[in-house]
């Protein structure tokens, strides 16, 4: 029983280490309507965002990092609420059109 517990603990550590070493991927990109004067970093769920000037990039290990934010507009709104009004947004292979951006920015103000 003791050996089983030890084996399970090593297995858990191996899985944790593998996840920690997972490569970082770009999971979203945005352009701000007004460039920032300073770099701004924030997280939306498990996606780390970094905005520098007018360019924002969201990174994570996989699309699962959006966990719970499966709706494109919700992702856009959360980023706009944290970074400021957006001029463009893309995530999950989808690019927001002008109507999407207007809705996204309006919802982010609420």
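Just so you know, all these numbers are worked out from the coordinates, no wet-lab data involved. As the structure is a computational prediction, the values presented were derived from the model and not from experiment. We place every Cβ from the backbone using ideal geometry, glycine too, and count neighbours over all the protein chains shown.
Data for the structure
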| quantity | calculated |
| --- | --- |
| Rounded if a/c under 1.5, otherwise prolate or oblate - the range 22-108, Cα gyration tensor axes | oblate |
| Linear extension gain, residue 99 paired with residue 74, 0.36 nm per residue minus alpha-carbon span | 7.5 nm |
| Efficiency of FRET from Cβ geometry, residue 107 and residue 24, R₀ 35 Å, rounded to 0.05 | 0.80 |
| Residue-span extension gain [residue 41 to residue 82] - 0.36 nm each, minus C-alpha spacing | 13.8 nm |
